[in-house]
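Novice: Pasting a structure here, questions to come.
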Amino acid sequence: MTTENVGVSSMVAPLRRVAMRRPGAMLTADPGRWHYAKTLDPDAVNAQFDAFVAHVAASGAEIEWLPDGSDDLADSVFTYDPSFVVSAGAIVLAPGKPLRRGEADLHERFYADIGVPVLGRIQAPGLIEGGDMFQIDAATIAVGRGLRTNQAGIDQFAALVEPLGVSLVVFDLPYGDGPDACLHLLSVISPLDDDLVLVHAPLMPAALYQLLDERGVQMLHAPAEEFDRSGGLNLNVLATAPRQVIAIDGFAGTAELMRSAGCEVTLFAGDELCIPCEGGPTCLTRPLHRA
C-alpha cells in the first residue's frame, strides 16, 4: 500500500484524486423506500451525472471509479458518506441510514483494490456518516451529532485520528424533518476557502457559528428562499480548489453570492440527479487526495 496519492487535510485544497460511483440502483429505486421525492428519469439522471463528472475531470482531478454492480445500494452514488479520508488513509464509516449500511463493505473492498490504507472501521453500535464531518483545518475536524451520527461512532472516529494529531469539535444538530430526511452538518455549511464558507445560519449549531466567527472566517448567508426551494442543496457545493466550486444550477442568488466573494462558480443541472435524492456535488465525491 502507498500513501503517495492519498491524503486529505483540507476541504478546499486542490482536488487531485477522487472516488466516484455511477448511478446504479438509483435509476429504478422506489422513492417511498429511499425517501426520494419522486420516481427518477434514468436518462436525465445519467446525463446530469455525466455533466458533473466532466466538470470534476476538467478541474484536474483523477477519478477512481468504485465498481458497478447489481446491488440494491441506490444511494451509493453519494460516495462522500460511507468513508472518510484523512492524512494517512481512509476510515470506513457506519452509515446511520439503515439502507446504506452495505456501502461500508463496498468502500472497504474498493480501498483494498486501489491500494489506499484503511486505518480502521467504525463498529456497532457506532454510527457516523461523512456528511456530518468536515475539516476546519489540518488538525481539526468538525462533527455533527444527530440522527445519522451518534456518540459511539464519534468516539471511535476520534480514537482513530488522535494518533495523527487530529482532534474533533462536536456540535449537536437539530431534529429537522426527522430520521427519514437527510440533515447532515454539511447540509448547513459548505467550505469555499480556508477563510470563506457558505451557510444557512438558521440551522447552524450556534457554537459552530461562534467558532468560525472567532477564527475570522467569512460566512456567506445563502438566500433562505433558495435553501427551502432546493431542500438545502443550493448550499451543497464542491470546492475543487480555493474559491473554485461546482454547484447545482437554478439558484442564481446563491451563485451570485459566491461570485461576489471571488469564487469561480461552475454550474450543472441537478434537478433529477440531486434535488429529489437529497444529495449534491459534495455528496457525489469522496476526495482521496487534496494538495
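Bear in mind that the values in this text are calculations on the coordinates, not laboratory data. Everything quoted here is computed from the prediction, not taken from an experiment. Positions of Cβ are generated from backbone atoms using ideal geometry, with glycine treated the same way; all protein chains shown enter the neighbour counts.
Novice: Ranked by Cβ crowding within 10 angstrom, fewest neighbours first, how are 260, 10, 76 ordered?
Specialist: 260, 10, 76
Novice: In addition: I need the trypsin sites (Lys or Arg not before Pro) found in region 197-291, filtered to DSSP loop residues with at most 15 other beta carbons within 10 Å of theirs.
Specialist: In loop regions of region 197-291 (DSSP not H, G, I, E or B), the sparsely surrounded trypsin sites (Lys or Arg not before Pro) are 215.
Novice: Based on alpha-carbon centroids, what's the gap between region 148-163 and region 54-128 in Å, whole number please?
Specialist: 17
Novice: Next question. Tell me, what is the percent relative contact order of the chain, built from C-alpha pairs under 8 Å that lie six or more residues apart?
Specialist: So the answer I get is 25 percent.
Novice: Is it possible to state the helix-based mean residue ellipticity at 222 nm for the chain, with each DSSP H run of 4+ residues giving -39500 (n - 2.57), the sum divided by total residues, to the nearest 500 deg cm²/dmol? What is it?
Specialist: Mean residue ellipticity, 222 nm, calculated: -7000 deg cm²/dmol.
Novice: Ok, one more. Two-decimal Rg/Rh of the chain from alpha-carbon positions, Kirkwood Rh?
Specialist: Result: Rg/Rh = 0.92.
Novice: Give, as a single signed number, the net charge of other residues whose beta carbon lies under 13 Å from the beta carbon of residue 31, with Lys and Arg counted +1 and Asp and Glu -1.
Specialist: -4
Novice: Modelling each spin label as a point 7 Å along the Cα-to-Cβ direction, I'd like the residue 225/residue 241 distance in nm, to one decimal.
Specialist: 3.5
Novice: Could you pull out the trypsin sites (Lys or Arg not before Pro) across region 81-177 that fall in loop regions by DSSP (anything but H, G, I, E, B) with no more than 11 other Cβ atoms inside 10 Å?
Specialist: Sites meeting the loop and neighbour criteria: none at all.
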